[in-house]
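The values are calculated or read from the model by the stated rules, or taken from the named source; none is laboratory data. The model shown is predicted, which means the values in this text are computed figures rather than measured ones. Heads up, the Cβs are rebuilt from the backbone with ideal geometry, glycines too, and the neighbour counts pull from every protein chain shown. Remember, those area values only see protein heavy atoms, side chains included, never the ligands or the DNA or RNA. Shrake-Rupley method; radii C 1.70, N 1.55, O 1.52, S 1.80 Å.
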Amino acid sequence: MRRNMRRSARKAGLPPGSLVHTGEPSGEATCLRLVTYDDEHCTKRTIRHLPDLDKINRGEPVAWLSVVGVQDPAVLDRVGTVFGLHPLVLEDIMNIAERPKVEDFGDYIFVLLKLPGYDDEQDEITSDQVCLVLGPTWVVSFQEHEETAIESIRERIQAGTGRFRQMGADYLAYALIDMLVDQYFVVLEQIEDDTERYEDLVVEDPSPEVLQDIHKLKNAMIALRKSVWPVRDVLGFLERGETPLVQEKTQVYLRDVYDHTIQIIDTIETFRDIQSGLIDIYLSSVSNRLNEVMKVLTIIATVFMPLSFLAGVYGMNFKTLPELGWRYGYAMFWGVVVLATVLMLRFFRRKQWI
């Protein structure tokens, strides 16, 4: 988060609508892919030259322009000009630290979401920003990196599977949103596996490293919660039918995604409670282990108290001690020591202290 704040500081002092990329530079050129389709035909091509954007026919049944890589201001500015996007929309697209949201501009809707991922080695949530612009017959998607899940939607359209060919651009936007929401389930499944592993470790081996890993996992859940909570408001706006760009038959599918979002939020809250409980279990396990160690040390000290007393008494240099001149005094001393030790251990066992 601190890195995001430092990168966002690059925009300080610039006028609204300034195109400044706040993400990590990828070093790769922006890729533009165009898919146009109806119920009978589908064409797929890559746009290699910016002037070719002007040739896009937005009056076709459905046109989907996928922009992979948002670090080039010239490309985004040209796309914004072709589709009539507001400068503030383009600014939000390049600012990768934006919060998920939806904005209605009348002739198009701007949706900003996060595509989550999970780093098992670092126990951290990773997220790529994905932006969708929904028009009457077109969709423009912006993403930081190439994603296999988004490519699968493109392949389904080309293969003619599903309802894509019979539905409009709003259904395509729904499919993209549904894909993003489904990724949260994938991440939660990985977090669940880690949580179950830590449940065993906090009891069997409650080391400081385990506590540190649990804290990382809790921070990951906080980041995941921050990214998914606003999605509920986004889907609530879309499924209520407050815009003519979303047809009534698509609202049914959006309500299903809304239910999935609520389920994800409930699961996140459950995992957060479990992880908080793991910290309590860890502290209890450490305290119990400390108590066991202290109990053993206390028993040892208690056993040696009378032995130390006897050794202290017979270690005095008084010649009047009667046992000093006795032939069997040394053997008797050890006999008393052993007997005292055995009696005290039996007493501790009877009291169930050991």
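Take the Cα pairs of region 128-178, get the Kirkwood Rh, then feed it into Stokes-Einstein at 25 °C and 0.890 mPa s and tell me D in µm²/s. List each step's numbers first, then the result.
Working: Rh = 11.4 Å.
Here the translational diffusion coefficient equals 215 µm²/s.
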Quiz item: In the set [x] 22.7; [y] 25.3; [z] 22.1, which value of Kirkwood radius over Cα pairs in Å was calculated from the structure you see?
Solution: [y]
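So how do Glu204, Glu189 rank on accessible area, 1.4 Å probe, biggest first, that is with the largest at the start?
On the way: Glu204 140, Glu189 115 Å².
Largest to smallest exposure gives the sequence Glu204, Glu189.
Arrange the residues Met332, Met305 by how much accessible surface each exposes, largest first, with a 1.4 angstrom probe. Could you put the intermediate results ahead of the total?
Working: Met332 95, Met305 125 Å².
Descending order: Met305, Met332.
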Exercise. Quick one: dipole size for the chain, taken about the Cα centre, charges +1 on Lys/Arg Cβ and -1 on Asp/Glu Cβ, in debye to the nearest 20.
Key: 1900
Quiz prompt | Apportionment of accessible area to carbon and sulfur, the chain, percent (1.4 Å) | solution = 54
Quiz item: Over the chain, what is the relative contact order in whole percent, taking alpha-carbon pairs under 8 Å and six or more residues apart?
Solution: 14
Quiz prompt | Cubic angstrom per residue, convex hull over Cα atoms of region 27-178 | solution = 118
Self-check item: Eligible aspartates and glutamates near Lys101 by straight Cα distance, threshold 12 Å, same-chain separation 8 or greater
Solution: Asp92, Asp233
Practice problem: Once you have the Cα-Cα distance between Arg327 and Arg349, take 0.36 nm times their residue separation minus that, and quote the gain in nm to one decimal. | Solution: 4.4 nm
Quiz prompt | Given charges at Cβ of Lys, Arg, Asp, Glu: the chain dipole, positive-most of Leu34, Ala220, Val202 | solution = Val202
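Suppose every K and R has +1 on its Cβ and every D and E has -1 on its Cβ; what is the size of the dipole of region 143-195 about the Cα centre, in Debye to the nearest 20? Intermediate values should be presented prior to the final figure.
On the way: 4 positive and 12 negative charges, 120 e Å.
Here region 143-195 has a charge dipole of around 580 debye.
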Practice problem: Starting from the amide H of Val130, placed 1.01 Å from N in the peptide plane, find each other amide H under 5 Å away whose residue is 5 or more places distant or on another chain. | Solution: Leu113, Lys114, Leu115
Quiz item: Label 7 Å along Cα→Cβ of Gln122; region 167-208 residues with amide nitrogen under 12 Å?
Solution: none
Quiz item: What base-10 log of the normalised intensity I(q)/I(0) is obtained for region 214-314 from the Debye formula, alpha carbons as equal point scatterers, at q = 0.11, 0.13, 0.15, 0.18 Å⁻¹?
Solution: -0.59, -0.69, -0.78, -0.90
Practice problem: Throw me the Rg/Rh for region 112-230, computed over C-alpha atoms with Kirkwood Rh, two decimals. | Solution: 1.11
Quiz item: Using a 1.4 Å probe, how large is the accessible area of Thr298, given in Å² and rounded to the nearest 10?
Solution: 80
Quiz item: How large is Rg over Rh for region 258-354, taking Rg from the Cα atoms and Rh as the Kirkwood inverse mean of 1/r across Cα pairs?
Solution: 1.50
Quiz prompt | Angle in degrees between helix 169-204 and the longest Cα principal axis of the chain, rounded to the nearest 10 | solution = 10
Practice problem: Show which lysines lie in cross-link reach of Lys216 when reach means a straight Cα distance below 17 angstrom and same-chain residues fewer than eight apart are skipped. | Solution: Lys226
Quiz item: Ignoring ligands and nucleic acids, what accessible area does Arg197 show with a 1.4 Å probe (Å², nearest 10)?
Solution: 110
Practice problem: Take Leu339, project a point 7 Å from its Cα along the Cβ direction, then tell me which residues of region 282-311 have their backbone nitrogen under 20 Å from it. | Solution: 303-311
Exercise. Pull up the cross-link candidates among the lysines for Lys55, meaning alpha carbon to alpha carbon under 30 Å and not fewer than 8 places away within one chain.
Key: Lys44
Quiz item: In Å, what Rg and Dmax follow from the Cα atoms of region 80-124?
Solution: 14.3, 45
Quiz item: Going toward the positive end of the dipole of the chain, with +1 on Lys and Arg Cβ and -1 on Asp and Glu Cβ, which of Ile354, Leu115, Asn288 do you reach last?
Solution: Ile354
